[in-house]
Amino acid sequence: MRRLRTAIDGMELPAIEKISDAQAEDPFQILIATLLSARTQDATTHAASTRLFRRARTPRSMAALPVPEIEKLIYPVGFYRTKAKHVKACCDALVARHRGRVPRTMEELVALPGVGRKTANLVMIVAFKSEANICVDTHVHRIANRLGWVKTDSPQETEQALYRRTDPRWWSLMNLYLVTWGQNVCRPLRPRCGDCAIAHDCPRIGVHP
Ligand code: SF4
């Protein structure tokens, strides 16, 4: 992780980090941007979030938007129709259950419509500065397995295995480091092992030449 920290210096940040910087770490905007980001390119997520937040900046104002309008604003993010419904339902729940605020516990976050562990962990880390969460997406899952840190079949298993096997001081940073690495070097297809700063420490499990 120390070597990765040096290696990612100067690389482009993942979309949620950019949104976090731009929106002064507003928990609501981080929650919605993370909801939009699944199976979507970073640049598309960033542009869609910016359009949506320009139209509505709070759970109350976003809950008042009709679903077709949300669809139009977030298009072309992946699964934009389903995500538009989730955004609306999530905003309704925030208003009805949490007085228009984003809750601060995993239990309450994962009870919101459309919010899974990945989104909830990222909100805990980025918005609420938690150091007790690891956010595992496909990049973290893939790279942790290639490096031999874990031997798991799903992101959910990877998250639990990483809690057991890694030093807590790195937990909140793992997503930022590994997503940046996964987008630039340890890509899903054709990872750039020849240019990799941590190649000496990597058994390249599951990587075929
Ligand atoms: S050596 Fe290859 S598989 Fe291992 S971390 Fe680097 S790019 Fe990924």
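How far apart, in nm, are two points set 7 Å out from the Cα along the Cα-to-Cβ line at Arg104 and at Glu25?
Label-label distance for Arg104 and Glu25, simple model: 1.3 nm.
Probe of 1.4 angstrom, ligands and nucleic acids ignored: what's the accessible area per residue over region 81-209, in square angstrom?
Numbers: 6770 Å² over 129 residues.
I get 53 Å² per residue for region 81-209.
Express the carbon and sulfur contribution to the solvent-accessible surface of the chain as a percent, rounded to the nearest whole number, probe 1.4 angstrom.
51 percent
Normalised by the number of residues in the chain, what is the relative contact order in percent for Cα pairs under 8 Å and 6+ residues apart? Write down the numbers at each step before the final one.
Values: 270 pairs, mean separation 44.0, N = 209.
Taking the mean separation of contacting Cα pairs over the length of the chain, I get 21 percent.
Which residue, Leu178, Leu65, Leu94, tops the fluctuation ranking in a GNM of the chain built on C-alpha contacts under 10 Å?
Largest GNM mean-square fluctuation: Leu65.
With contacts defined as alpha carbon pairs under 8 Å and 6 or more residues apart, what's the relative contact order of region 104-209 in percent? Intermediate results must be reported in sequence, preceding the final value.
Numbers: 117 pairs, mean separation 27.0, N = 106.
Averaging sequence separation for qualifying contacts and normalising by length gives 25 percent for region 104-209.
Taking K and R as +1 and D and E as -1, what net charge do the other residues with C-beta under 10 Å from the C-beta of Ala84 add up to? Let's see the in-between values first.
Working: positive: Lys72, Arg81, Lys83, Lys85, Lys88; negative: Glu69, Glu71.
Residues near Ala84 contribute +3 overall.
Restricted to Cα positions, what overall size does the chain have along the principal axes? Three whole-Å values, descending.
Computed over the Cα atoms, the extents are 53, 31, 29 Å.
Which value at 222 nm does the chain reach when only helices count, each DSSP H run of 4 or more adding -39,500 (n - 2.57), with the total divided by all residues and rounded to the nearest 500 deg cm²/dmol?
Numbers: 12 runs with 116 residues, N = 209.
So the helix-based figure for the chain works out to -16000 deg cm²/dmol.
Remind me, what semi-axes does region 142-209 give for its equivalent ellipsoid, largest first in whole Å, using sqrt of 5 times each Cα gyration tensor eigenvalue?
Working: eigenvalues 78, 36, 24 Å².
For region 142-209, the ellipsoid semi-axes come out as 20, 13, 11 Å.
The values are calculated or read from the model by the stated rules, or taken from the named source; none is laboratory data. Keep in mind the model is a prediction, meaning the values are calculated, not measured. Cβ: placed from backbone, ideal geometry, glycine included. Neighbour counts: every protein chain shown. What goes into the accessible areas is simple: the full protein's heavy atoms, side chains included, and nothing from ligands, DNA or RNA. Shrake-Rupley method; radii C 1.70, N 1.55, O 1.52, S 1.80 Å.
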